[in-house]
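Undergrad: Pasting a structure here, questions to come.
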Amino acid sequence: MQHFLQNLVSIFIYIVFFLSLYRWAKWARIGFSSVENSTPLCFQRNPETRSPVPAAPIWLAIFWVALQVSSNLLSTSTEGPQSSFPNYSGLFMLTTLLPACIGSLLIFLWKVSPQAGKITDYFRSESILLELKSGFQLFVMAFAPTFLLLLLSLLWKTPETQHVLLKMLHQQSDPLLLCLIGFGAVVVAPLFEELLFRILLLNGFLEKLRTLGYSEQNRKRVAVLVISIIFCLGHGKYDALQLMPLALCLAWSQIQRKSYWSVVLAHAFFNASMLMLMLASSGAEVD
């Protein structure tokens, strides 16, 4: 059964990888045209305008991200968990409760800000099926370049530099541990990180560049690049490079399509695929 699941995951990864290459090749053949019918749905431009994001939640987001980035960059420890028994309450707080509290506080500050505008404009969805289609397409577009950089990163990454949560999964086969980490990675992290990076920081930075006199195209490019770099650094110095294509695709989709749910779904699909790949490869090593 384990070998069957490993083969199933491998087939899925291969299909998504080559589908991603095909989508990029198809778009490249027409010169990355911005014509609506030739542009992938996830990158099609939505002409709707939205009121600027108020300053209060943006400043809290900046403070939180600065803490995360500085912690990741200054950390020199690569040791894994010392105990063979994971701290479930601490893990739940780290992966679920803390992001949920910070996210709720960000939304609260947004709603009570005097210049809040219509917050629902940033979380509106056209239809569930359309958001699923756009989210899966965005995941596919981001997959091949991200996966190639992941393979490249194996040249300098070691088991000691793995994320601590991945180390825990390698060391434990506890279903509860898998559920906690899986829920945090596939549900909580996409919801929280897309609010943090692609809604608050990206749109806040776009507005700042507008006040500085940047043209529309230039401020889009600068904002996408800067916020994507910050997003990657927030995930640790050892994983930063490999996440860059994913970050760029998510940011560009948010700027063009203006759909929170599309980028959340794409992020969730990606995290789920990486989790499945890691579990499959870990199982192969055990055998």
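Undergrad: Scanning for something over 12 Å from the mean Cα position of the chain (by Cα) and assigned to a loop (DSSP other than H, G, I, E, B), does the range 246-262 turn up at least one residue?
TA: yes
Undergrad: I've got another one for you. Could you please give the count of residues in the range 162-194 that are closer than 25 Å to Ser104 by Cβ and either touching a strand residue (DSSP E or B) at 6+ places or on another chain (Cβ under 9 Å) or crowded, with 17+ Cβ neighbours inside 10 Å (or both)?
TA: Qualifying residue count for the region: 14.
Undergrad: Can I ask one more? Mind listing whichever residues of the range 32-48 are assigned to a loop (DSSP other than H, G, I, E, B) and modelled with pLDDT of 70 or more? Spell out the reasoning first.
TA: So in the range 32-48, the residues assigned to a loop (DSSP other than H, G, I, E, B) come out as 32-40, 44-48.
Correct list: Ser38, Thr39, Pro40, Gln44, Arg45, Asn46, Pro47, Glu48.
Undergrad: Another question, if that's okay. In the range 116-195, which helices (runs of 4 or more DSSP H) lie fully inside it and hold 2 or more residues that are in contact (Cβ under 8 Å) with a residue 40 or more places away in the chain and either of a type in the set (Lys, Arg) or in contact with a Ser or Thr (Cβ under 7 Å, 6 or more places away or on another chain) (or both)?
TA: Working: elements: 128-153, 164-171, 175-183, 189-193.
The qualifying helices (runs of 4 or more DSSP H) are 128-153, 164-171, 175-183.
Undergrad: Examine the range 204-219 for a residue that is assigned to a loop (DSSP other than H, G, I, E, B), without any contact (Cβ under 8 Å) to a residue 24 or more places away in the chain and either hydrophobic (A, V, I, L, M, F, W, C) or in contact with a strand residue (DSSP E or B) (Cβ under 8 Å, 6 or more places away or on another chain) (or both), and state whether such a residue exists. Reasoning before the result, please.
TA: Looking only at the range 204-219, we keep the residues that are assigned to a loop (DSSP other than H, G, I, E, B), and these are 212-215.
After this cut, where a residue has to be without any contact (Cβ under 8 Å) to a residue 24 or more places away in the chain as well, the list is 212-215.
Next, only the ones that are either hydrophobic (A, V, I, L, M, F, W, C) or in contact with a strand residue (DSSP E or B) (Cβ under 8 Å, 6 or more places away or on another chain) (or both) stay: 212.
Yes.
Undergrad: Taking Lys237, is it in a helix (DSSP H, G or I), modelled with pLDDT under 95 and among the basic types (Lys, Arg)? Reasoning before the result, please.
TA: Values: in a helix (DSSP H, G or I): no; modelled with pLDDT under 95: yes; among the basic types (Lys, Arg): yes.
Judged against the criteria, Lys237 is not a match.
Undergrad: Follow-up question, since we're still on this one. Any residue in the range 5-18 that's loosely packed, with under 15 Cβ neighbours inside 10 Å: show its pairings with residues that are of a type in the set (Ser, Thr, Tyr) and in a helix (DSSP H, G or I) at Cβ separation under 8 Å, as long as the two are six or more apart or on different chains.
TA: Phe12/Ser273
The values are calculated or read from the model by the stated rules, or taken from the named source; none is laboratory data. Treat the numbers as computed from the prediction; the structure is a model and nothing was measured. Cβ: placed from backbone, ideal geometry, glycine included. Neighbour counts: every protein chain shown.
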